Structures are given as structure tokens and as C-alpha cells.
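One structure is given below, encoded as C-alpha cells.
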Amino acid sequence: MYTLYYGRGTASLAIHAALKEIGAPYQLVEVDIEAGQQRSPEYLRINPQGKVPALIIDGKPFTESAALMMMLAERHPQSNLAPPAASLARAEWYELIMMLANSLGNNFRLWFYPADLAGTKEDGALRSAIQQRIESTWAMLDARLADNGPYLLGESFSGADLMLTMYMRWSRNMARPATAWPAMQKYADMMRARPSWRHITQVEALTGW
């Protein structure tokens, strides 16, 4: 039994979907981000960084989304979260997971929380620079999917697709969301129709995706 501490639509989204894909038993504990529950003493004992997700595995909390996706893939090799261990496809999968976390996860963190760089949401130069970084990643991924889709690894779905779909959702209110790129739009439609994504959208009461 896993326990996932999650916030609606946050960085826990891909892990929530991965747990549904695996089919292993899990329970959910919502952390109300808007109410500041991530900074409560109770939650800080689980994750001193005050962020979600936190996944309890065998009684121990783990907290980084990219690492959690890798852990779940390794603990459930029969799942479709990752290609076979030690294969070249698995190496490519690791590379994708880390690229997404670095190129999108880190930049979205700065987009939503510019104070991390001593900036504000009114700082036009900072916002423009972050937006350009994110959009360059969309362009690269759009070309990849157009040339070798329908998934990031070609014909095979993986947990990397759940990570990408989560980041794409975060762009929905930007001037140029990820779906402004044609292959990414087609990809988003495919991923949003996936049973695991439909399930978590209903459970987390998300709108727009």
C-alpha cells in the first residue's frame, strides 16, 4: 500500500496517474496548497521542503517527482512505466525523465514562484526569459513527436508521457500553451483520453484538462 500526499493539479499529478497505471493499492491524502497545508507542522514532518508530492513507500517518505517515477517503474517492472531494465530504451527513458524535470519542472517552478530568484510576476524581463526557455522545450518535443510519435518513446507509452502531460497542463494559461504546437496538441488529446488521466482528473476535480 502506497500513500500519496498530493495537491490538486500540482507536481503530484504524474505520480497519481502512475499509481493508477500500476494498479497497486494506494491511498490519497490531499494537501490543500491554497490553504497553506504544505507548511503545516504535520506535513513538514513528512516533507521538510513543504512541497508535494510525498509518497510513503514502506513507511518512508520520498518527495521528488522524477525520482518517484523511477522508483515506481523499478518496483513494478511488469508495469508499462518504463522499458526493460538495462535496455537502450531504458537509458533513453532515464534521459527523458531528467530532461523534463530540468527543462520544464525547474523552469515552471520559477514561472509560478519567481521569488525563488528574488523576482516578481511583474518582472517582464524575467518572465520573458523563463517563457522562452519553456517554449524552446515545447518546440523540441513537438519535433520529436512529429518525427517519432505517438509517444515520447515512439510506439511505447511510458511514465515519461505522464510527466510531460503534467507539464503541458501547467502551460494552459500561458500566452502560448504547449498545445499551440500541432504535434503536441495531438499528443495532449491522446493522453487526456487515457483511462488513468481521466481518472485522476475526476478524483482531483480538475477542469480544462
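What to note about this one:
- All conditions in (1) within 18 Å of the chain's Cα centre (by Cα); (2) closer than 22 Å to Ala18 by Cβ; (3) open to solvent by less than 40 Å² (accessible area, probe 1.4 Å); (4) among the hydrophobic types (A, V, I, L, M, F, W, C) hold for Ile57, with the sole exception of (1).
- Cβ-Cβ distances below 6 Å connect the following pairs, each with a first residue in segment 186-205 that is assigned to a helix (DSSP H, G or I), a second residue that is among the aliphatic types (A, V, I, L, M) and open to solvent by 10 Å² or more (accessible area, probe 1.4 Å), and a separation of six or more residues or different chains: Tyr187/Leu145.
- Pairs meeting the criteria (first residue in segment 80-103 and farther than 10 Å from Ser158 by Cβ and of a type in the set (Val, Ile, Thr), second residue modelled with pLDDT under 95 and open to solvent by 40 Å² or more (accessible area, probe 1.4 Å), beta carbons under 8 Å, at least 6 apart or on different chains) are lacking.
- The helices (runs of 4 or more DSSP H) located wholly in segment 79-152 that include 2 or more residues which are open to solvent by less than 20 Å² (accessible area, probe 1.4 Å) and farther than 21 Å from Leu19 by Cβ occupy 106-112, 124-148.
- Applying the set (1) open to solvent by less than 40 Å² (accessible area, probe 1.4 Å); (2) in contact with a Pro (Cβ under 8 Å, 6 or more places away or on another chain) to Ser156 leaves exactly one unmet item: (1).
- Positions within segment 60-78 being surrounded by 16 or more Cβ atoms within 10 Å (Cβ to Cβ), free of Cβ contacts under 8 Å to residues at least 40 places away in the same chain and in a loop (DSSP other than H, G, I, E, B), in sequence order: Thr63, Glu64
- Counting only residues that are closer than 17 Å to Arg109 by Cα and surrounded by fewer than 19 Cβ atoms within 10 Å (Cβ to Cβ), segment 1-14 holds 1 of them.
- Among residues that are free of Cβ contacts under 8 Å to residues at least 60 places away in the same chain, over 15 Å from the mean Cα position of the chain (by Cα) and within 15 Å of Ala139 (Cα to Cα), Ala178 is not included.
- Within segment 15-43, considering residues that are assigned to a helix (DSSP H, G or I) and more than 30 Å from Gln78 (Cα to Cα), the one most open to solvent (accessible area, probe 1.4 Å): Arg39
- Tyr2 being of a type in the set (Ser, Thr, Tyr), more than 19 Å from Ala101 (Cβ to Cβ) and in contact with a Lys or Arg (Cβ under 9 Å, 6 or more places away or on another chain): no
The values are calculated or read from the model by the stated rules, or taken from the named source; none is laboratory data. In this text the structure is predicted, and so the values were computed from the model without any measurement. Virtual Cβ from ideal backbone geometry, glycine too; neighbours counted across all protein chains shown. Accessible surface areas use protein heavy atoms only, side chains included; no ligands, DNA or RNA. Shrake-Rupley method; radii C 1.70, N 1.55, O 1.52, S 1.80 Å.
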